[in-house]
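The values are calculated or read from the model by the stated rules, or taken from the named source; none is laboratory data. Source: prediction; values computed, not measured. Note that each Cβ is placed from the backbone with ideal geometry, even for glycine, and that neighbours are counted across all protein chains shown.
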Amino acid sequence: MKNTKWLCGIGTLAVCSMLVGCGSNEVTTGSENVAIDETEIVEIVDDTETVCEHEWVDASCVEPKHCGVCGEIEGEPLEHTLTEANYQQASVCEVCGEIVGEPLQAEFKNYNLECNAELDTTYPFVIPCYDTSEYETAGKITFSDYDVFESDEAHEALDGYEWRAVTVTLVFDDENAYNYGYSGFTPLSTDYYHNYSETYNENEDTYTINYNGTDYTDVKEDGETLQNGWNNDIYTYQLRASFRVPKGYDGIVLTIVRYNSETWDDNAPITDKADEDTVFFRLK
Ligand SMILES: [Zn+2]
Ligand SMILES: [Zn+2]
């Protein structure tokens, strides 16, 4: 009896070591059989051995800080590095090139003014007569001979600039003008995008216009009166207006408005100088 028990003991031990040795996938615990998947055990061990030694890539405006090996992310992308918007271009990110928003809105758009004058088309220019405001004279205004050129005898060339010129003609040829005269008018240049008159440089007789984000400080205006007077009962005023502007610049606007020396304010906005009949020619 004793021997049998001992043998039994040996027998049990032998079976146990055999189980471990051959990696059997069945272990007996009590009366339950628990299955163990050998491959699963191996995988878990592998994972702990290959923890990523992150190689961090700095955040940019395109991507957050991230590991170049495993792709793990930390934090958020950076803000864009934006250029200032101007009248031609929206803000652009200097790093990734993304365009953000819109170009600045042109002042003429803000004012709801249109540059509606076409070349060689006659528009009414109705103003009170000179002797009595009881009567009006129905003048006519025309823009013609629009030209873009580098230079001519009277207009000096400058690198990065070009000249844009147009002729405006105002005629009073009705009886009221002949009998009672015409009240004041004045030619007026302004800008579709932004009134540049405050940039006037007295010493150089120049203006500054920002175009595509660059300040052009050598903008010039030049006016030549071609006609100004009565001839055969018809009064004609004719001006050749020339502007030296950055190459490709399309913002200069020319018009003639009513003029009253008592109420005229040079610094008043264009909306105060123009009225609903004013026609604007844009040199574009
Ligand atoms: Zn990593
Ligand atoms: Zn960016």
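Tabulated values for the structure
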| quantity | calculated |
| --- | --- |
| Pick from region 258-272, criterion within 28 Å of the chain's Cα centre (by Cα) and within 21 Å of V168 (Cα to Cα), ranking: surrounded by the most Cβ atoms within 10 Å (Cβ to Cβ) | I270 |
| Hits in region 118-149 - residues which are in contact with a Leu (Cβ under 9 Å, 6 or more places away or on another chain) and not polar (S, T, N, Q) | F125, G139, K140, I141, F143, D145, Y146, V148 |
| Residues being over 19 Å from D215 (Cβ atoms), more than 8 Å from ligand 2 (Cβ to nearest atom) and hydroxyl-bearing (S, T, Y) - total across region 78-102 | 0 |
| Residue under evaluation P124, criteria (1) in the same structural domain as Y192 (by TED's automatic domain parsing); (2) buried (at least 16 other Cβ atoms within 10 Å of the Cβ), criterion not met | (2) |
| Condition check for E134: modelled with pLDDT under 95 and either within 16 Å of ligand 2 (Cβ to nearest atom) or assigned to a loop (DSSP other than H, G, I, E, B) (or both) | yes |
